[in-house]
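The values are calculated or read from the model by the stated rules, or taken from the named source; none is laboratory data. The structure displayed is predicted, hence computed values, not measured ones. Glycine gets a Cβ as well: all are built from the backbone with ideal geometry, and neighbour counts include every protein chain shown. The protein model used for the area step is the full one, side chains on, heavy atoms only, and it has no ligands, DNA or RNA in it. Shrake-Rupley method; radii C 1.70, N 1.55, O 1.52, S 1.80 Å.
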Amino acid sequence: MRRRTPGVLTADELLDRRLVLDESTRAAEVIRTLEPIVTPKRQARIREIIAKRLASVAVVFDAPHDPHNGAAVIRSCEAFGVQRLHVVERIERFLAAASVARSAEQWVDVVCHKTTESAIAAARHAGLELVAAHPEGELLPEDLASIPRIAIVLGNERDGIAEELASHCSRRVRVPMRGFVESLNVSVTAAILLASATRGRIGDLDDDARLRMYARGLFHSVPRAREVLDHAGVG
């Protein structure tokens, strides 16, 4: 069993739980309360970033073990505008090292699933094609941009992708290599594949998701935002 160490976050600790509730049910109230406190320049910057974010690309991470890898994958999702990371907690709870994520965890929706079936169902519900990262994949990274809606499936650091999950992947993608090593660290693979999968895509969050993320952006832009919301009776 892994030992919790300082600076390592569980999935429940990645985001302020009250903020998640507020942005899901009271986003308009959060915005109405906090927006007047945020400069127009910052408001414009938040909207600009949100306009580029993607629901058509997601990641499914099967049973990750290393908190540094977990955090690095979150950071890559944020860097490339991928809104949702699905984690299959088949073996142990998902942990992320805060020093590696470096606040990226504030912007990515990490959804944990206790079973493989739950993660598959979530991807299917979102209309995402499951594509597995595999050293012998028939696809190359540049092929991913042409897949309309895709969930890139990453395997456990030691055991790869569980057979149950792999069997639901329609295709596999490999990262071409010419050195002596036969594989890359899973977080490096994630970054390479996400860079290719997101290239040229137009932001496609729906209106509700954009509103929710704008509320989150304002929250993280206002010092002591929770106190401001509580004083205003929001949340």
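Of note:
- For the chain, modelled as a GNM whose springs connect Cα atoms under 10 angstrom apart, the maximal fluctuation among ALA55, ALA162, ALA133 occurs at ALA162.
- Angle of helix 40-51 to the longest C-alpha principal axis of the chain, folded into 0 to 90 degrees and rounded to 10: 30°.
- Global geometry of region 25-83, whether rounded, prolate or oblate, following the gyration tensor of its Cα atoms and the 1.5 cut on a/c: prolate
- Label sites at ARG42 and SER146, each approximated as a point 7 angstrom past Cα along Cα to Cβ, lie 4.4 nm apart.
- Under 5 Å, built H, 5+ apart or other chain: amide partners of ALA58: ILE150, ALA151, ILE152
- GNM result for the chain, Cα springs below 10 Å: residue of ALA44, ALA123, ALA96 fluctuating most strongly: ALA44
- In the context of the full protein assembly, VAL181 retains an accessible surface of approximately 100 Å², using a probe radius of 1.4 Å and ignoring ligands and nucleic acids.
- Figure note: VAL73, VAL100 ranked by solvent-accessible area, largest first, 1.4 Å probe, ligands and nucleic acids not counted: VAL100, VAL73.
- 0 to 90° range, to nearest 10: angle between helix 207-219 axis and the chain longest Cα axis: 70 degrees
- Cα gyration tensor category, rounded, prolate or oblate, for region 120-209 with a/c compared to 1.5: oblate
- Surface share of carbon and sulfur [accessible, 1.4 angstrom probe, percent] for the chain: 53 percent
- Taking ASN185, ASN156, ASN69 in turn, the Gaussian network model of the chain (Cα-Cα springs below 10 Å) assigns the largest fluctuation to ASN185.
- Beta bridges per DSSP, both residues in region 119-229: antiparallel share near 10 percent.
- Residue-normalised accessible area of the chain, expressed per residue, 1.4 Å probe, Å²: 51 Å²
- Helix-derived mean residue ellipticity, 222 nm - over the chain, DSSP H n ≥ 4, -39500 (n - 2.57), to 500: -11500 deg cm²/dmol
- Shape category assigned to region 47-148 from the gyration tensor of Cα positions, a/c cut at 1.5: rounded
- Of the peptides 209-222, 139-152, the ranking by mean beta-carbon count within 10 Å, highest at the top, reads 209-222, 139-152.
- Helix 116-125 and the longest principal axis of the C-alpha atoms of the chain enclose an angle of approximately 70°.
- Take every DSSP beta bridge whose two residues both sit in the chain; close to 15 percent of them are antiparallel.
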